[in-house]
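Colleague: For reference, the structure I am asking about is given below.
The values are calculated or read from the model by the stated rules, or taken from the named source; none is laboratory data. A quick note: this is a predicted structure, and the numbers were derived from the prediction, not measured. Cβ placement follows ideal geometry from the backbone for every residue including glycine, while neighbour counts extend to all protein chains displayed. What goes into the accessible areas is simple: the full protein's heavy atoms, side chains included, and nothing from ligands, DNA or RNA. Shrake-Rupley method; radii C 1.70, N 1.55, O 1.52, S 1.80 Å.
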Amino acid sequence: VPSEPKLSLRFVLPDGSARHMQRDQAEPLGRALARIATNAAKGHGKGGKKSKKARAEGSAEGEAAVPAVRLFSRDGAAVAEEVPNAAAWQDGAVLHIGDARYRVERNPPALTDLRLPRSLLAGFPVCPKVSAEFAAPQHCLFRWFREQRPADGGDAAGEAWVETAAAERVFTPSNALVGLRLKLRCTPGDGEQRYGPALEVESSGPVEAGPGACTFDARHLYTKKVCGHGSVRAVSYNILADTYAQTEFSRTVLYPYCAPYALEIDYRQNLLKKELAGYSADLICLQEVDKSVFEDSLAPALDAFGLEGLFRIKEKQHEGLATFYRRNKFSLLSQQDIAFSEALLSEPLHKELCEELAKYPLVQEKVLQRSSVLQVSVLQSTTDPSRKLCVANTHLYWHPKGGNIRLIQIAVAMSHIKHIACDLYPNIPVIFCGDFNSTPSSGTYSFISSGGIAEDHEDWISNGEEERCSMSLSHPFKLLSACGEPAYTNYVGGFHGCLDYIFIDRNALEVEQVIPLPSHEEITTHQALPSVSHPSDHIALICDLKWK
């Protein structure tokens, strides 16, 4: 690896013992070869176990046991001993250790991690986590196997696994596989017809029956294909962090109507991966994403469906925001994420707001205690470089009486987005997704969509007179809620309302279609959300946009 000071050498001696050595890249080849020789001699010595006395007497024999070690380049010339390691070990070179010959493979493809999810459901895509060196998952070879059933007639001594017809990275088990475990054999490849040693991994448990119909099945009928290059399909979705779903409070107070197994992370991840993959989206903005869920589950799964993921954790929390974009439609120009409280204190951009807020110490303290963040990704179209997008994603403070806190947070967000879309990348269109924890009648919604808020708006006293903070705010954008104002995007036992939005720049973008939300009947089949057929307490918003 160019950035590392050492290189590693691996080989197997004729006696079958494996050797793994770390050498400096800059070290002269001669010293590495001498080390290989003594290593090989040691391996040789281990073969015949002589007594110490016999060894000492036969020291001449010991000398002879150190084999001649030379390295020859592809054209058969010996590589000079003063050449540094980094330059000496080239693909196709031949290493001689005594009579043994080794063909040198420089940076061969290798798997560093191969894992299957813990929970497998029939009808739901299984996405392995694949980590590799000098290889890429899209160039690896995949072979899927299922357990042999006793009824298959395989005798006990026979093969325990039967290969399936699937040879793709993502495998969707059929109902016929319920009760059987799966095995994956993966061979790492680099896209240049080079392959490394295969690894195998077996599932920890069998495939289980899926839940039947899910709330998103009907929505998938609208999103079977990725939309054309002139359009962008955007999704915004609060996916309910495991951190909050698995508490005693959630199980007994918030979601007592939800079957406990349906609140478990592995179960919900199965539903979520199928739901998100089926939207064929170009942009996905998620909130309440656990760090481990992003790294081990969502990023590898959506990567297999052509999406690149970016993650921004909340300060002091285990969850945060994720933005995914379709690789063949967009490339990432820059990331401009901020934490609201930190930006407010340290960035000159917010100096005026910060000074104004200082007049209201109670509110200021609350704002600065919040860990909310804003994720901003600047993307460029791969087919038309003149088309750029500023994609913002956030999750504002949740408290019902926190309207005043949310107004300050959104003011910081709009100033930051203005800096990006007016100063850094002039006139770039904005798409602002998120869980704003604000209904259409709130000050926050009104401020975003109208461009201003008066100092006498009732949300400035959302938590009573003693926490009043009055100021007038404005921003220069013309933003529109692309999915309108649905009756609700969050539906739990004690509350339902519209809290999530995809705001778009109406000067540059227009709505082509809004994918209908599930019917009220579907949402309430199991009383409320989440449920065995819906993985979150929120509902995904999906719309197709096009450039004007």
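Colleague: Looking only at helices (runs of 4 or more DSSP H) that lie completely in the range 324-409, which have at least 3 residues being within 22 Å of Gly452 (Cα to Cα), open to solvent by 80 Å² or more (accessible area, probe 1.4 Å) and not aromatic (Phe, Trp, Tyr)?
Modeller: Result: 351-357.
Colleague: To continue, here is another question. State whether one or more residues within the range 98-119 are in contact with a helix residue (DSSP H, G or I) (Cβ under 6 Å, 6 or more places away or on another chain), assigned by the TED database to the domain that holds Gly191 and part of a loop (DSSP other than H, G, I, E, B).
Modeller: Yes - at least one qualifying residue is present in the range 98-119.
Colleague: Can you tell me which residue within the range 210-221, out of those that are in contact with an Asp or Glu (Cβ under 9 Å, 6 or more places away or on another chain) and part of a loop (DSSP other than H, G, I, E, B), is surrounded by the fewest Cβ atoms within 10 Å (Cβ to Cβ)?
Modeller: Ala213
Colleague: Being open to solvent by 20 Å² or more (accessible area, probe 1.4 Å) and in contact (Cβ under 8 Å) with a residue 60 or more places away in the chain is the requirement here; does Ser462 meet it?
Modeller: Taking the combined requirement at face value, the residue satisfies it.
Colleague: Taking the range 438-459, which residues are open to solvent by 40 Å² or more (accessible area, probe 1.4 Å), in a loop (DSSP other than H, G, I, E, B) and not hydroxyl-bearing (Ser, Thr, Tyr)?
Modeller: Pro440, Ala454, Glu455, Asp456, His457
Colleague: Hey, can you tell me all the residues within the range 159-191 that are at pLDDT 90 or above, open to solvent by less than 30 Å² (accessible area, probe 1.4 Å), among the aliphatic types (A, V, I, L, M) and over 26 Å from Asn107 (Cβ atoms)?
Modeller: Passing the criteria: Leu177, Leu180, Leu182.
Colleague: Also, quick follow-up: Right, Glu315: farther than 25 Å from Arg506 by Cα, part of a loop (DSSP other than H, G, I, E, B) and either open to solvent by 30 Å² or more (accessible area, probe 1.4 Å) or of a type outside the set (Phe, Trp, Tyr) (or both) or not?
Modeller: Yes, satisfied.
Colleague: State yes or no: is Ala135 within 30 Å of Pro108 (Cβ to Cβ), open to solvent by 30 Å² or more (accessible area, probe 1.4 Å) and not in a strand (DSSP E or B)?
Modeller: no
Colleague: Whether any residue in the range 150-165 is within 25 Å of Asp296 (Cα to Cα) and not in a loop (DSSP other than H, G, I, E, B) is what I want to check.
Modeller: No; the residues of the range 150-165 include none that is within 25 Å of Asp296 (Cα to Cα) and not in a loop (DSSP other than H, G, I, E, B).
Colleague: So, one more: Name, by its number, the condition in (1) in contact with a strand residue (DSSP E or B) (Cβ under 8 Å, 6 or more places away or on another chain); (2) part of a loop (DSSP other than H, G, I, E, B) that does not hold for Leu95.
Modeller: (2)
Colleague: Which of the residues spanning the range 277-298 are open to solvent by 20 Å² or more (accessible area, probe 1.4 Å), without any contact (Cβ under 8 Å) to a residue 60 or more places away in the chain and in contact with a Lys or Arg (Cβ under 9 Å, 6 or more places away or on another chain)?
Modeller: Glu295
Colleague: If I filter the range 24-43 for residues that are among the hydrophobic types (A, V, I, L, M, F, W, C), at pLDDT 95 or above and assigned to a strand (DSSP E or B), do I get at least one hit?
Modeller: Scanning the range 24-43, I find no residue that is among the hydrophobic types (A, V, I, L, M, F, W, C), at pLDDT 95 or above and assigned to a strand (DSSP E or B), so the answer is no.
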